[in-house]
Amino acid sequence: MAARLPSWAWVTGLTAGATAAVVALAVQANHGPHPTAAVAKPRPSASAGAHASATPHSSAPPALPGGSGEGRRIVYSVGAKRVWLVDATGRAARTFPVWPGTVSPQPGRYSVTLRIQSLKGSDGVEIEHVMYFTKVDGVNVAFSNALDGASPPPADGKKLGGIRMDKGDGTALWSFGDQGTTVTVVS
């Protein structure tokens with residue numbers, strides 16, 4: 001007669017199998033087509049090193065804005081709709097475009113106050129890598145990316161503080177910024 005496995009072994013096996021399936025689907029989804037709204041999606045971002053964004057107009061990513069502080073920080077330009085991840089030496093390790101909501105923070109220095117892995121945004125979109133750093137007129141302002149990779153335009157008439165980005169950039173920002181990380185907002 002065959003030996004019977006304890007119930008914890010079944011649960012462990014099922015959990016491991018489910019985790020493997022989710023990881024496989026996530027990898028597949030990250031490399032597959034990304035649905036978008038009628039708005040054009042920005043080009044892929046530049047990563048650490050000499051890899052530049054694949055645009056026909058420029059071979060180098062935009063320079064880090066002057067007066068954006070010193071040391072390790074996240075820099076967000078409201079006007080350029082772009083984020084820079086700056087290492088401790090002051091070098092921009094990565095930069096990428098973002099899609100801001102309808103509420104923008106004032107230029108200044110903030111810090112990441114809360115991180116949430118995933119939730120439904122105030123616009124009804126499932127989001128992840130949510131990093132809150134300020135509030136404007138009662139509206140929370142946070143970086144995030146949509147789970148499905150979409151970049152829908154902000155809903156008309158709604159006050160939304162989400163600063164959305166591509167899924168890969170959201171993962172990079174999540175890895176870079178812990179609670180307390182400085183966020184410098186420039187115009």
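May I ask you to say which residue of 60, 52 is surrounded by fewer than 11 Cβ atoms within 10 Å (Cβ to Cβ), among the hydrophobic types (A, V, I, L, M, F, W, C), at pLDDT below 95 and over 15 Å from residue 176 (Cβ atoms)?
Numbers: 52 fails: surrounded by fewer than 11 Cβ atoms within 10 Å (Cβ to Cβ).
Only one candidate passes the filter, namely 60.
Can you work out which of the residues in the stretch 69-93 that are among the basic types (Lys, Arg) and more than 12 Å from the chain's Cα centre (by Cα) is least open to solvent (accessible area, probe 1.4 Å)?
Step one: list which residues in the stretch 69-93 are among the basic types (Lys, Arg), which gives 72-73, 81-82, 91.
Checking which are more than 12 Å from the chain's Cα centre (by Cα) leaves us with 72-73, 81, 91.
Numbers: 72: 110, 73: 9, 81: 102, 91: 118 Å².
If we take residues in the stretch 69-93 being among the basic types (Lys, Arg) and more than 12 Å from the chain's Cα centre (by Cα), then 73 is least open to solvent (accessible area, probe 1.4 Å).
Could you please find all residues in the stretch 99-122 being within 16 Å of the chain's Cα centre (by Cα), in a loop (DSSP other than H, G, I, E, B) and under 14 Å from residue 153 (Cβ atoms)?
If the condition is that a residue be within 16 Å of the chain's Cα centre (by Cα), in a loop (DSSP other than H, G, I, E, B) and under 14 Å from residue 153 (Cβ atoms), then 101, 121 are the ones that fit.
What are the residue pairs meeting all of these: first residue in the stretch 112-134, first residue over 25 Å from residue 184 (Cα atoms) and among the acidic types (Asp, Glu), second residue open to solvent by 70 Å² or more (accessible area, probe 1.4 Å) and part of a strand (DSSP E or B), Cβ atoms under 7 Å, and 6 or more apart or on different chains?
126/120
Considering the stretch 98-123 alone, what residues qualify as being in contact with a helix residue (DSSP H, G or I) (Cβ under 9 Å, 6 or more places away or on another chain) and buried (at least 19 other Cβ atoms within 10 Å of the Cβ)?
So in the stretch 98-123, the residues in contact with a helix residue (DSSP H, G or I) (Cβ under 9 Å, 6 or more places away or on another chain) come out as 98, 115, 117.
98 - this is the single residue of the stretch 98-123 that is in contact with a helix residue (DSSP H, G or I) (Cβ under 9 Å, 6 or more places away or on another chain) and buried (at least 19 other Cβ atoms within 10 Å of the Cβ).
For the stretch 151-187, name all the residues that are of a type in the set (A, V, I, L, M, F, W, C) and either open to solvent by 30 Å² or more (accessible area, probe 1.4 Å) or part of a helix (DSSP H, G or I) (or both). Break it down stepwise before answering.
Step one: of the stretch 151-187, the residues of a type in the set (A, V, I, L, M, F, W, C) are 155, 160, 163, 165, 172-174, 176, 183, 185-186.
Scanning the stretch 151-187 gives 155, 172, 173, 174, 176.
Residues being modelled with pLDDT of 95 or more and farther than 13 Å from residue 98 by Cα: count how many of those fall in the stretch 138-171.
Residues flagged as modelled with pLDDT of 95 or more and farther than 13 Å from residue 98 by Cα within the stretch 138-171 amount to 5.
The values are calculated or read from the model by the stated rules, or taken from the named source; none is laboratory data. What you see is a predicted model; the values in this text were computed from it and never measured. As a convention, Cβ positions derive from the backbone with ideal geometry for all residues, glycine included, and neighbour counts pool all protein chains shown. Just so you know, the surface numbers come from the protein's heavy atoms only, side chains and all, with ligands and any DNA or RNA stripped out. Shrake-Rupley method; radii C 1.70, N 1.55, O 1.52, S 1.80 Å.
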